[in-house]
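As structure tokens, the structure follows; a few thoughts come after it.
The values are calculated or read from the model by the stated rules, or taken from the named source; none is laboratory data. Owing to the predicted nature of the structure, the values given are computational and were not obtained by experimental measurement. Here the Cβ positions follow ideal geometry from the backbone for every residue, glycine too, while neighbour counts run over all protein chains shown. What goes into the accessible areas is simple: the full protein's heavy atoms, side chains included, and nothing from ligands, DNA or RNA. Shrake-Rupley method; radii C 1.70, N 1.55, O 1.52, S 1.80 Å.
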Amino acid sequence: MSRRLDDRYELLDELPHVTGGRLFRARDLAFGEIVSVKQLGQNCGLEAEARQLLENTVRHLQCLPHPHLSRVYHFDPRNGLIVQEWVQGISLLDLLRRRRELSIGEALHLLSTLPATLDFLAREAVPIPRPLLGKLFVEFVDGGVAESLLGTPVDRWPAYILKLNPLSLRGLMADSVTDETKHTVVVDPRRPTEIQEGYGPRELALLLYELLGGRIREVDSRRYSPLSSLREAGNAVLRRELLAMPHADCASLWRDLLHAQSDTNLPSPPKEATTAPVRKYHIPEAFLTSARPGSTLNLEPEDSAVLPIRLTTGPRFTVGRSAGADFVARILPESEANDARTNRLSRVHALLEINDGHITLRDGNGRGPSLNGSSLDGQPLTPNHPTVLPQRGRLDLGDEYVLDLIPLAATEASSWEIDNLDAWAGPDDKAALTPDRALVCQPVDGHATTRHGVWLFSEVGFGLDAAGSIVWDTRGRGRSPAAFHYFRGCFWLRNDSLAEPVLAGRDTLLGRGEMLPLAPGQTLRIGTHVFAVQIE
């Protein structure tokens, strides 16, 4: 019988023989996709210093978008919960168990994208997870995993992508029937002993040696048994890497291997994925005359227990304790002690701006500094010199309030059309502020919030959890079930694939493939919550 976590994840089945906790295949109810959920137990079974190290590790990985790394979606250090991308395919470990060994052509075909991925990890000071063979997965583009593919030559496989799980956890479970973890050992991605010259190339050489039928224990004992699938030159390259002078990086090792096999029939690169088709949408006839330009959209809930939503566009976004800030930072629940902490925050404590297409941050309100400073990823912000926001950052407001700043840059290009846009009475098209779709602010360290605050440039996708509440799409992949848009100077709501259609005006259903231009006075039911539309 399946069970749910936080109204969001439905646990489907548990994978056996997992170290460092319990691993589940789960369904993300908000987005209808399969994910990996790992439970490490309360506080991850770690002391404070080690737990902080693990949190830094996960955050570092979340800031490294790469097509060949499996994504880390969510980490809750207090409850010991890690949610990652589930690679729908086969592992190289399972492939090798079935095949015993691969030919040199198959191995070079299969690993063609791996050297660049490993060198990327080295540049970002992330160690290669061990054992590497068990961390690599083949994901087929069409989503299918045919059992027969394990025995089929690699060059006959359909389009695929090689994915590496960059997160390494090792540990012991106290009891297989509980969620408690007694001890977890974390591989630090920035430990000097792990990042050393030749570390990546040697791991790549060990992997290739094993895939080609080599016996790893002989390498560990400083002996090298020549591989029959490699010619003398190829064996010399691997022998040098494993027993003598290492290569400077994986790319140079790979070039030497390809050159050593240059007179063989080397495989072509993996097939590329096909371009996603253009999606077409329709404006319901009743809303063709709805057109209200504005720069701020407020969705006020009918139920006072539901968080209101504020989406704002423009060149600036403010964070502070003032109710007029775009993101309101207050220490909740209200009490004398929490109010005193809130009062140590400025009305506008940090200012985000668009500069040359980049999101930048300054301390204070643009005219002066904040009461007690702010920092981004531990580095102090200043009032006068903007700091560029990286892919993802943690904003600390005076050691009182902490939030994640998550730019939602899409991996899938926005390609959609509205078939009856010419009949809409709204303004002409205008360029978006920046290539990023939106910026979502998420409080961390247990902080509550008074409302959702989103800086909207072009679109922000969302799904609905089991309770019918909005979950912002921070996955960085694929198309969202629904989205808010800022298009032609107006706010819109798009329904792609919500299980229940949006109810507009209490009697009009916004079905799949329809877009609604928002205007003041409208009422929206999204999931189980009803909102009144306000536009400024």
Kindly state which strands (runs of 3 or more DSSP E) lie completely within segment 346-421 and contain at least 1 residues that are free of Cβ contacts under 8 Å to residues at least 60 places away in the same chain.
-> 350-355, 358-363, 374-376, 393-397, 401-407
Among the residues of segment 510-522, how many are free of Cβ contacts under 8 Å to residues at least 24 places away in the same chain and touching an Asp or Glu at 6+ places or on another chain (Cβ under 8 Å)?
-> 1
Please find, within segment 477-536, the residue that is farthest from Ala466 (Cα to Cα) out of those that are in a strand (DSSP E or B) and of a type in the set (Lys, Arg).
-> Arg494
Being under 26 Å from Thr474 (Cβ atoms), surrounded by fewer than 18 Cβ atoms within 10 Å (Cβ to Cβ) and among the hydroxyl-bearing types (Ser, Thr, Tyr) narrows it down to one of Thr113, Thr117, so name that one.
-> Thr113
In segment 237-291, how many residues are assigned to a loop (DSSP other than H, G, I, E, B) and either out of contact with any helix residue (DSSP H, G or I) (no Cβ under 6 Å at 6 or more places or on another chain) or at pLDDT below 90 (or both)?
-> 28
Give the residue that is nearest to His68 (Cα to Cα), with candidates limited to residues of segment 161-171 that are within 22 Å of the chain's Cα centre (by Cα) and modelled with pLDDT under 80.
-> Ser168
Subset of segment 37-83 (residues that are at positive phi and crowded, with 20+ Cβ neighbours inside 10 Å) | Gly41, Cys44, Gly45, Gly80
What are the residue pairs meeting all of these: first residue in segment 135-160, first residue at pLDDT 85 or above and open to solvent by less than 50 Å² (accessible area, probe 1.4 Å), second residue outside any loop (DSSP other than H, G, I, E, B) and among the polar types (S, T, N, Q), Cβ atoms under 9 Å, and 6 or more apart or on different chains?
-> Lys135/Ser91; Leu136/Ser91; Val138/Ser91
When the residues of segment 11-36 are filtered to those that are touching a residue at least 24 places away in the same chain (Cβ under 8 Å) and open to solvent by 20 Å² or more (accessible area, probe 1.4 Å), which remaining residue is farthest from Gln88 (Cα to Cα)?
-> Thr19
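If you check Gly32 against the conditions, is it modelled with pLDDT under 85 and touching a strand residue (DSSP E or B) at 6+ places or on another chain (Cβ under 8 Å)?
Taking the combined requirement at face value, the residue does not satisfy it.
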State which residue pairs qualify: first residue aromatic (Phe, Trp, Tyr) and outside any strand (DSSP E or B) and inside segment 452-467, second residue at pLDDT below 95 and open to solvent by 30 Å² or more (accessible area, probe 1.4 Å) in any location, beta carbons under 7 Å apart, and separation of 6 or more residues or different chains.
-> Phe457/Ala432; Phe457/Leu433; Phe457/Asp436; Phe457/Tyr486
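Looking for something within 30 Å of Asp249 (Cα to Cα), in a loop (DSSP other than H, G, I, E, B) and not polar (S, T, N, Q) - is there at least one such residue anywhere in segment 51-62?
No, there is no match, as no residue in segment 51-62 is within 30 Å of Asp249 (Cα to Cα), in a loop (DSSP other than H, G, I, E, B) and not polar (S, T, N, Q).
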Pick from segment 460-507, criterion touching a Phe, Trp or Tyr at 6+ places or on another chain (Cβ under 8 Å) and polar (S, T, N, Q), ranking: surrounded by the most Cβ atoms within 10 Å (Cβ to Cβ) = Ser480
Looking at this structure, is Asp356 surrounded by 13 or more Cβ atoms within 10 Å (Cβ to Cβ), within 21 Å of Gly393 (Cα to Cα), out of contact with any helix residue (DSSP H, G or I) (no Cβ under 9 Å at 6 or more places or on another chain) and not basic (Lys, Arg)?
-> no
Is there a residue being touching a Gly at 6+ places or on another chain (Cβ under 7 Å), open to solvent by 20 Å² or more (accessible area, probe 1.4 Å) and among the polar types (S, T, N, Q) anywhere in segment 377-391?
-> no
